[in-house]
Structure formats: C-alpha cells, structure tokens
Amino acid sequence: MPRTLILSDLHLGLPDVPCGRPPRTPETLAPLFETIDRLILNGDAADIHHIHHRDQALKLLDATLNLVTRRGISVTRINGNHDYDPAQLDFVDLFDGAIFVTHGHAFSDSMLPWTPAHKVISRTLFAARERNEKTLEGFLAAAGEASMSQWNEPATYTEPTALVSIGLNPFRVAKVLAWWRKYPREAAHFVDRFRPAAKLLVCGHSHRAGSWMTGATSTSIPRHIINTGGFTFPSSPRAVLIEDSSTELSVELRAIRHRRGIYVLDSRVDASCWRIQRPASDAR
Ligand SMILES: [Mn+2]
C-alpha cells in the first residue's frame, strides 16, 4: 500500500529550545519514516542559509536524507524560505491535481511580518513579482528570491533568537497573531488564483498547525487548507498521511508526538480529509 507522509518546517540545524522535546536528528525522527513509501518535505527542512547554523543544518539534512533513502523511501523536497534552492521544486500536485502541496511563504505580501528583515523581504518580493510572470511558477520564484534577501540582512543575525525577540516585544506578538488569523484566507486566495481545481492545499510556513475550510473572502468558494505546523517550540508538528490502495484513497492529518526521546506519528486521526472508495475498475 503506497503511503505518503508530508512534513514541513523541521528546521534542522536551528538550536533546540530547552522545552522537553527531543532534538531533531535522524535518529529521533526515524520512527516517523517506518511504514512509508514516499516522504514529502514541504519546505524549511533545514536552515541551510543561516550563517551560524548552516553547517549543522546541512549535516543533519544529509544524514536524514541518507537514512530515508537507505530504507527505500522516495523523497520529494519542496523549497521553503529557509532552504530555498532555485534548482529544487517549489510545489507538487498529487493525484491529478486533487492535492496541491507548497510551503506557503508565497501566499502573503509579508512573508515574515514580525522579523527585523521584514522590510527588505517585502521590498525584494514586490520587485521580483514585477519582473516575473504572473504564474504560479513566477510567483514562487519571486518568493524564493525574496526569502534569500533575509539571509543577506545583518539584522537577521544581530537580533536575539526569533522566539526571544518575539516574546520581548508585544507588538511582534500582535503581528504574529494578526498574521495567523489571516493566513488561511490568504492561502485560499492563492488556491483560487493558481489551483482552483484542487480539493486540498497542504502548506506549512506559519507554524500554526490546523485544518480550515475557508474562502478568501466571505463570498468566495471555501477552500480546504491544511497546515502541518512546525517542529520548533512553541509550534506543534503534524503530518499529512496519504494512503493510496487499490480500494481506497485516504488523506489524514495526524499529530506528531514525542515520547522517550523520539518522534512518533499519533495513531489517532486529527482530521480526516477524505476517504474515497475506488471502484474495482480504478484499481492500481
Ligand atoms: Mn517558512
């Protein structure tokens, strides 16, 4: 039975916050990969552009990809804003376009509204959108270019860690909350514009896990948006598990728990997206 797991925002290489969670390493993540055939890393798998964490990020990413491929699992990597590489994919369409998977940093005009690099990122984003085609590919390339501007911005490295800087500044907390509120609607707008036939969008980036049925505006068609959250404190990670058998296609959102120092997929279904019985003639 082909089983696909979609994860996002592992942020390998970023230091751990002492909050009782296991460190993110190939060994602690390995149980997540036990019964799957395909792994989709939907962006921000590793902080490969961060000048202070790049070496560790690349080492952990390499080791994780090695472990996964040694088990015979096929891996699809999708760009995030922390691991952008123009040679890699910015999105994938699954099951004839029913499921649209992309990281999510291209949805808004403000990719990271609370960060010190916000202004330079937005400026680069607007300029890049002007130059690029008004297509999905053009939009995602512009977002990729904009995401790289953060890593050239000294303020990114001179500020205390993101979490501390947010906690110290109530305006930033308010900005994150406002952005979280509008994020599913912006995601729905992106689907309206670029993948109107998709039944489901799977994204990450905002680090706020959840499942929403929402339209871009109150009069728009509701879109199903799933966000797999993130592995870094204080967000909670989730996974989309897709099982494609000869009799059924099922899509589930599952929590990722940690116990005894490892990460495991929760056996309970957090949100079931759909279950489609396949007619016998559709078997594959
Ligand atoms: Mn991101």
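Determine which member of the set Ala98, Ala63, Ala87 is among the hydrophobic types (A, V, I, L, M, F, W, C), free of Cβ contacts under 8 Å to residues at least 12 places away in the same chain and either away from the ligand (no atom under 15 Å from the Cβ) or in contact with a Phe, Trp or Tyr (Cβ under 9 Å, 6 or more places away or on another chain) (or both).
Details: Ala98 fails: free of Cβ contacts under 8 Å to residues at least 12 places away in the same chain; Ala63 fails: free of Cβ contacts under 8 Å to residues at least 12 places away in the same chain.
Residue meeting the stated conditions: Ala87.
Do we find a residue being modelled with pLDDT of 95 or more, assigned to a loop (DSSP other than H, G, I, E, B) and of a type in the set (Val, Ile, Thr) anywhere in the range 72-86?
Within the range 72-86, one or more residues are modelled with pLDDT of 95 or more, assigned to a loop (DSSP other than H, G, I, E, B) and of a type in the set (Val, Ile, Thr).
Filter the range 145-159 for residues that are loosely packed, with under 14 Cβ neighbours inside 10 Å and polar (S, T, N, Q) and give the result.
Asn152, Thr158
Of all residues being crowded, with 24+ Cβ neighbours inside 10 Å and charged (D, E, K, R) in the range 1-46, which is nearest to Glu153 (Cα to Cα)? Just the residue, please.
Asp44
Report, by residue number, each residue of the range 201-235 that is assigned to a loop (DSSP other than H, G, I, E, B), crowded, with 18+ Cβ neighbours inside 10 Å and away from the ligand (no atom under 15 Å from the Cβ). Explain how you work it out, then say what you get.
If we filter the range 201-235 for residues that are assigned to a loop (DSSP other than H, G, I, E, B), which is where we start, we get 204-209, 215-222, 228, 230-235.
Of the ones still in play, those that are also crowded, with 18+ Cβ neighbours inside 10 Å are 204-209, 216, 228, 230-232, 235.
Passing the criteria: only Ala216.
Condition check ((1) closer than 17 Å to Ile99 by Cβ; (2) among the small types (Gly, Ala, Ser)) across all residues:
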residue	(1), (2)
Gly229	no, yes
Pro234	no, no
Asp244	yes, no
Arg257	no, no
Tyr263	no, no
Ala271	yes, yes
Arg275	yes, no
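Are any residues in the range 91-107 buried (at least 22 other Cβ atoms within 10 Å of the Cβ) and not in a strand (DSSP E or B), and if so, which ones?
Across the range 91-107, the qualifying residues are His103, Gly104, His105, Ala106, Phe107.
Can you tell me how many residues in the range 12-24 are within 16 Å of the ligand (Cβ to nearest atom) and out of contact with any strand residue (DSSP E or B) (no Cβ under 7 Å at 6 or more places or on another chain)? Spell out the reasoning first.
Quick first cut of the range 12-24, residues within 16 Å of the ligand (Cβ to nearest atom) only: 12-14, 24.
Checking the rest, the ones that are also out of contact with any strand residue (DSSP E or B) (no Cβ under 7 Å at 6 or more places or on another chain) come to 14.
Matching residues across the range 12-24 total 1.
Within 16 Å of the ligand (Cβ to nearest atom), in contact (Cβ under 8 Å) with a residue 24 or more places away in the chain and among the β-branched types (Val, Ile, Thr) - does that describe any residue in the range 41-56? Quick ask: steps written out before the conclusion?
So the first thing to find is which residues in the range 41-56 are within 16 Å of the ligand (Cβ to nearest atom), and the list is 41-50, 53.
Still in the list and also in contact (Cβ under 8 Å) with a residue 24 or more places away in the chain: 41-50, 53.
Okay, now just the ones that are also among the β-branched types (Val, Ile, Thr), so 48.
Yes - at least one qualifying residue is present in the range 41-56.
The values are calculated or read from the model by the stated rules, or taken from the named source; none is laboratory data. Small disclaimer: the values here were computed from a predicted structure and weren't measured. Note that we place each Cβ from the backbone using ideal geometry, even for glycine, and neighbour counts take in every protein chain shown.
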